[in-house]
1. With every protein chain in place, what's the accessible area of Phe72 (1.4 Å probe, Å², nearest 10)?
2. Suppose every K and R has +1 on its Cβ and every D and E has -1 on its Cβ; what is the size of the dipole of the range 1-64 about the Cα centre, in Debye to the nearest 20?
3. Tally Lys/Arg at +1 and Asp/Glu at -1 over every other residue whose Cβ is under 9 Å from the Cβ of Lys4; what's the total?
4. Most fluctuating residue of Pro67, Pro57, Pro24 in a GNM of the chain with Cα springs under 10 Å: which is it?
5. In debye, nearest 20, what is the charge dipole magnitude of the chain about its Cα centre with +1 on Lys and Arg Cβ and -1 on Asp and Glu Cβ, if you could check?
6. Can you give the calculated 222 nm mean residue ellipticity of the chain, where each DSSP H run of n ≥ 4 adds -39,500 (n - 2.57) and the sum is split over every residue, rounded to the nearest 500 deg cm²/dmol?
7. Using a 1.4 Å probe over the heavy atoms of the protein chains, calculate the carbon and sulfur portion of the accessible area of the chain as a whole percent.
8. Normalise the Debye intensity by I(0) for the range 5-131, one equal point scatterer per Cα, no solvent, then take log10 at q = 0.12 Å⁻¹ and round to two decimals.
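The values are calculated or read from the model by the stated rules, or taken from the named source; none is laboratory data. Here the structure is a predicted model, which is why all the values come from computation and not from measurement. Positions of Cβ are generated from backbone atoms using ideal geometry, with glycine treated the same way; all protein chains shown enter the neighbour counts. Just so you know, the surface numbers come from the protein's heavy atoms only, side chains and all, with ligands and any DNA or RNA stripped out. Shrake-Rupley method; radii C 1.70, N 1.55, O 1.52, S 1.80 Å.
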Amino acid sequence: AFWKNETMDDYESILLTVCPQDIPDCYLGEIPSQVQDTEIHYYIQASDNSGRDEQLPIAGYFSFYAPAGSSFIQGDVNMDESINILDVVLLVNFVLGMDQPTGYQEQLGDLNSDSTLNILDVILLVNNIIG
């Protein structure tokens, strides 16, 4: 999918993934939080193995209104604007596979920026909390 807000001159690409629920034709993608209220314009483009591309809508774009969002600091996994033991517990649950992180939670919990939530991130988070 490709998206842009009112202030962007060009579209940015995001990857859509199949929804974990059993819903036909359901895909997920995340557009970054906006620093100001804006309208998001987007279209979806898909390609098959033969190289054929299709776009929805066929001409133009879809749009929706996006209010400005909060930005969270690295390590605030539960996004409550505080880094504490609750973030550690949630991150451990993600590492053990007991809970599934959202895209934002995965980014906030990946403290060593290796694109994987693991014990190294937990250690960094605990060290961050205890100073």
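1. Ignoring ligands and nucleic acids, Phe72 comes out at about 70 Å².
2. The calculation lands at about 100 debye.
3. Cβ neighbours under 9 Å give a net charge of -4.
4. With Cα springs under 10 Å in the chain, the top fluctuation among Pro67, Pro57, Pro24 is at Pro24.
5. 140
6. Details: 3 runs with 30 residues, N = 131.
Value at 222 nm, helices only, nearest 500: -6500 deg cm²/dmol.
7. Here it works out to 54 percent.
8. Taken in order of the listed q values, log10 I(q)/I(0) reads -0.63.
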